1. What span do the alpha-carbon atoms of segment B:3-86 cover on each of the three principal axes, reported in whole Å from largest to smallest?
2. Using alpha-carbon pairs under 8 Å, 6+ residues apart, how would you state the relative contact order of chain A in percent?
3. One decimal, nm, shortest first: give the distances between the label point of residue A:37 and those of the same position in the other copies, each label point 7 Å from Cα along Cα→Cβ.
4. Which distances, in nm and shortest first, link the residue A:79 label point to the same label point in every other copy, taking 7 Å along Cα→Cβ?
5. When the scattering of the protein assembly as shown is computed by the Debye formula from its Cα atoms alone, each counted once and equally, what is log10 I(q)/I(0) at q = 0.19 Å⁻¹?
6. Working from Cα positions, state the angle (0 to 90°, nearest 10) between the long axis of helix B:21-31 and the longest principal axis of chain B.
7. Take each of the peptides A:34-40, A:15-21, average the number of other beta-carbon atoms within 10 Å over its residues, and list them starting from the highest.
8. Which FRET efficiency, nearest 0.05, do residue A:13 and residue B:28 yield, Cβ-Cβ r, R0 30 Å?
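What follows draws every value from the coordinates through simple rules; no lab data is involved. Keep in mind that this is a model prediction, so the values were computed, not measured. Every residue, glycine among them, receives a Cβ derived from its backbone with ideal geometry; neighbour counts consider all protein chains shown.
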């Protein structure tokens, strides 16, 4: 059974003002998602294309779907989604890539 | 002047049938974009998230905006956009990332 690496990305915009303390705090909290087991090549990024309305991104890699599932189900991820993502993110799009 | 690296990505769907000869031919042509000077870490990818309608992706990195501009303006890129991208791509979204 092939277990292709997966690059999980999510582009997003925040409800907070640009450069605000709330924005900095959210990004700092998001950075800690990179500590969840199985997460590789983690990065909090700035979205710079004028061709969409997103302003930030998260990018990470997983060795296989099991590692991705483990991240999704990890209590730290579940808590982040409930306590920070849902109330503070105004728009987002998940895009996941693997080898063709 | 800071010159941050840029990760340029575009998620897309094709007008062609899944697994068709036309699809394979488009992806092979897209692969040659990676030969344009200044393009680094080039990959043609499969989009695997069920949360969007895109099916493929291109991802590449540029050392700075000048390298990105050089790619955009390169005759091989311009020809690809006109001859292949516009007629064969049914939907797409460009997402570009740099360091926060």
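1. Ordered largest first, segment B:3-86 gives principal extents of 39, 28, 17 Å.
2. 46 percent
3. Nearest to farthest, the other copies are at 5.0 nm.
4. Copy-to-copy label distances at residue A:79, shortest first: 5.7 nm.
5. -1.44
6. With rounding to tens, the tilt is 10 degrees.
7. A:34-40, A:15-21
8. Calculated transfer efficiency: 0.25.
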